[in-house]
Amino acid sequence: MKLTARSEYALLALVYLARHESEDYISVDNIASAQGIPPKFLEQLMLAMKRAHFLRSAKGQKGGYQFAKRPDQIPLADIIRLFDGALAPTESVSLNFYESTPIEKEKKLVGVFKDIRDYVSNKLETTTIADIL
C-alpha cells in the first residue's frame with residue numbers, strides 16, 4: 001500500500017472537519033486554505049466522500065461540507081480504500097482486490113506479505129478520524 005495525494009488530502013480534510021465539527025458547514029476554500037490543498041482538487045475529493053456517504057453538503061453562502069457519519073465511525077481504512085484501493089502490499093494477498101501475481105510462486109514470501117497486510121489493515125480499520133484528534 002502506498003498512499004496517493006488523494007488519500008492524504010482526503011484524510012487532512014476530514015481531520016480538519018473533525019476539529020471544527022461544532023461549526024456548521026465548512027467551505028472547501030476554508031479547508032483547502034487551512035490544510036494547503038488545491039481547492040479544485042479538494043472539491044473532487046469531497047464529492048467522492050459525499051457519494052460514499054461520509055459527508056453531506058449544502059449550497060449557498062453558508063454552504064460547504066460536514067460529516068454524514070460521526071468521525072468515530074469512519075476508519076482510516078475506509079478512506080484509503082475509497083481513493084487508493086487495496087491496503088495490501090501486493091494484490092495476491094489482498095482480501096478485497098485480489099489478483100494473481102508472480103510472488104505467489106513462493107509461499108513463504110506470500111506469508112510475509114499477508115502478515116504485513118494484516119498488521120496494516122488492523123491498524124487502519126481500528127483507527128478512526130476521531131482517534132487522530
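The values are calculated or read from the model by the stated rules, or taken from the named source; none is laboratory data. What you see is a predicted model, and the numbers here were worked out from it, not measured in a lab. Reconstructed Cβ throughout: ideal geometry from the backbone, glycine too, with neighbour counts over all protein chains shown. Surface accessibility is based on the protein's heavy atoms, side chains included, excluding ligands, DNA and RNA. Shrake-Rupley method; radii C 1.70, N 1.55, O 1.52, S 1.80 Å.
See the values below:
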quantity: Diffusion constant of the chain at 10 °C, which comes from Stokes-Einstein with the Kirkwood Cα-pair radius and 1.306 mPa s, µm²/s; calculated: 100 µm²/s
quantity: Gain on full stretching of the segment that runs from H20 to K108 - 0.36 nm per residue minus C-alpha separation; calculated: 27.0 nm
quantity: Burial order of peptide ranges 32-39, 7-14, 86-93 (average beta-carbon count within 10 Å, highest first); calculated: 7-14, 86-93, 32-39
quantity: Area of S100 that stays accessible when all protein chains are in place (1.4 Å probe, Å², to 10); calculated: 90 Å²
quantity: Area of V120 that stays accessible when all protein chains are in place (1.4 Å probe, Å², to 10); calculated: 30 Å²
quantity: Spatially near lysine pairs across the chain, Cα under 18 Å, sequence gap of 8 or more or different chains; calculated: 9
quantity: Principal axes of segment 58-129: Cα extent on each, largest first, Å; calculated: 58, 20, 12
quantity: About the Cα centre, charge dipole magnitude for the chain (Lys/Arg +1, Asp/Glu -1 at Cβ), debye; calculated: 220 debye
quantity: Computed helical MRE - 222 nm, the chain, DSSP H runs ≥ 4 contributing -39500 (n - 2.57), nearest 500; calculated: -16000 deg cm²/dmol
quantity: For segment 53-115, with +1 on Lys and Arg beta carbons and -1 on Asp and Glu, the positive-most of A86, S100, Y65 along the dipole; calculated: Y65
quantity: Debye, to nearest 20: dipole size of segment 19-69, +1 on Lys, Arg Cβ, -1 on Asp, Glu Cβ; calculated: 220 debye
